Each structure stands twice: as C-alpha cells, then as structure tokens.
1. Just how far, in whole angstrom, is region 1-76 from region 86-109 if you go by their alpha carbon centroids?
2. Net charge around V12, counting only other residues with Cβ within less than 10 Å of its Cβ (Lys, Arg = +1; Asp, Glu = -1)?
3. For K91, go through the aspartates and glutamates and keep the ones whose alpha-carbon is under 20 Å away, minus same-chain ones fewer than eight residues off.
4. Determine the order of T94, T6, T35 by accessible area, beginning with the largest, at a probe radius of 1.4 Å.
5. Of the listed peptides 23-31, 69-77, what is their order by residue-averaged count of other C-beta atoms within 10 Å, with the highest listed first?
Amino acid sequence: MFIRPTCQLSHVAEITPGLLNQLDVHGLLLDLDNTLMIPRLGDVPASVSGWLKSIQDHGIACIILSNNTDTVFCEKAQEKLGLQVIGSAQKPNTALFQVALQYLNMPPAKVAMVGDRVLTDIWVGQKMQAKTILVSPLLGKKEQWQFRFLRLLESLLCQLPAKQSTKKQSVSQ
C-alpha cells in the first residue's frame, strides 16, 4: 500500500478553517504526542492552545486519538486540552478510529487524521479513507536519533511513486 498524506504542513497551527473547508473536512482526529503536546512532559505550546481554540470557535469538532498507553498522562492531556482523548489506539489499527468517528458522529470522508507519523497517523487515516494531514513533530531536531531516523525512512516512503499494476485488463468483445 502506498502512503501519502492529503497535505503536509510544518506545524499543526497551519491548519486553517479555509484549508479544512477546501478539503470538505468538518472534524479532526488529532494525534497527541509531538503533534499537540511535548512527549512525556505534557507541555502544550501556546501556539497549539491558541490554534485549538480558534479551530473549535470555527465549529470544527476535534477528538484526540493517541497511541500513548499511559492512562494518567492521557487523562491530564484531556484536562489540559479540553478534548476527549482516546488512548492506546494502536494506530494504524482502525478499531478505535471507528470509535472516534462515532464520537464525532461523522463519516470518514468528512474528517482528517492529523499527526506527525506516517506509519501510524497517516496510514490509519488512509486505511479509513479519511483525509490526512502530516505535520512536523513539535520536538523537531531535539528528538532522539532513533526517532529522527524513523522519520527519515517514513519521509522516503512518502516520496515513492505509486506502484503500477502489471496485470493487463481483459477487453470483452
């Protein structure tokens, strides 16, 4: 399967109501760690807080879908951000993505999955036929080398051309 986000931005705050309108998106499924919050620290940059308030003021429904398994951390994030957090999502598994869609009461075509990882966030969105928005991680170059290496591999994966089918279609006469 070829994985390519619908769009790619430098920061979550670059997602505007205008962009979402162009994409016909009315709801966002948001990754938590390194998309909205600094991993393990739980810090929310002011730019993210302001963006979240603005996006919700424009009537965009939001829910957090995170692979984070730390229940206490997810509860604190829910309090800080004022959004429902679904943790232990096991993305790219689609089971809890479907739960999030039920919470938003929207079909996949009307939502976008937003995150910083191709092989989790973007892949689950693509599997569910939702729009996908890849953002750069909040930590950027401050991440451990292993994560930077994985991101390099993921970015190369996004640049691969779509695989062409080698099967010939039969033409009925």
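The values are calculated or read from the model by the stated rules, or taken from the named source; none is laboratory data. Keep in mind it's a predicted model, so treat the numbers as computed, not measured. Don't worry about glycine lacking a Cβ; one is built from the backbone with ideal geometry, like all the others, and counts go over all protein chains shown. Each accessible area value is taken on the protein alone, full model and side chains, heavy atoms only, with ligands, DNA and RNA left out. Shrake-Rupley method; radii C 1.70, N 1.55, O 1.52, S 1.80 Å.
1. What the calculation gives is 14 Å, centre to centre.
2. Working: positive: none; negative: E14, D31, D116.
Once all neighbours under 10 Å are counted, the net charge is -3.
3. D31, D33, D70, E75, D116, D121, E154
4. Values: T94 35, T6 70, T35 0 Å².
Final ranking, largest accessible area leading: T6, T94, T35.
5. On the way: 23-31: 22.3, 69-77: 14.6.
By packing density, highest mean first, the sequence is 23-31, 69-77.
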